[in-house]
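The values are calculated or read from the model by the stated rules, or taken from the named source; none is laboratory data. None of the values given here were measured: they were computed from a predicted structure. FYI the Cβ positions are ideal-geometry reconstructions off the backbone, even for glycines, and counts take in every protein chain you see. Just so you know, the surface numbers come from the protein's heavy atoms only, side chains and all, with ligands and any DNA or RNA stripped out. Shrake-Rupley method; radii C 1.70, N 1.55, O 1.52, S 1.80 Å.
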Amino acid sequence: MTTNDTSGRLDEALERLHTSGPERGRLSNHAPMVVESPAARGQAAAVHRRLDLYRPRPDEFPDPVEPVTDADRRAARGDIRRAADWIAYFTRALAERPWREVLALSGTGPLPGRLTAWSADTCAGAVR
């Protein structure tokens, strides 16, 4: 999504979400879209209010279990308890590889819950 927000409000709202986890025990967090949408429509002044009113509230960021590596990522697939491990894995991968390679990694089998969409969204964000 492209925004013309030069006020910094979108960045402030996304910073508020930086350490949040998934919503109600799931692996998705739609709150970034809640604040990106008004900013993209020229209503950046509304992003903090929208975030304050947003339900469901995201949970705290989940605790890691064990790092996911290239060698064991197939065994870790589908384990919802490892959400933080997967997020760390894709964060490292994006720092080390081009985003298209990382996106291809997410399509090689089922990831827990909506983490496949998360990895795709993260890769898309990396090129904004």
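For residue 21, which sequence-distant residues (separation of 5 or more, or a different chain) have an amide H within less than 5 Å of its own amide H, given hydrogens modelled in the peptide plane?
59, 60, 61
Counting only other residues whose beta carbon sits under 14 Å from that of residue 85, what net charge do I get with K and R as +1, D and E as -1?
On the way: positive: 73, 74, 77, 81, 82, 92; negative: 63, 66, 70, 72, 79.
That sum, taken over residues with Cβ under 14 Å, equals +1.
Probe radius 1.4 Å, ligands and nucleic acids ignored: give me the carbon and sulfur share of the accessible area of segment 39-107 as a rounded percent. Spell out each step's value before the answer.
Details: 2320 of 4360 Å².
Percent of accessible area from carbon and sulfur atoms in segment 39-107: 53.
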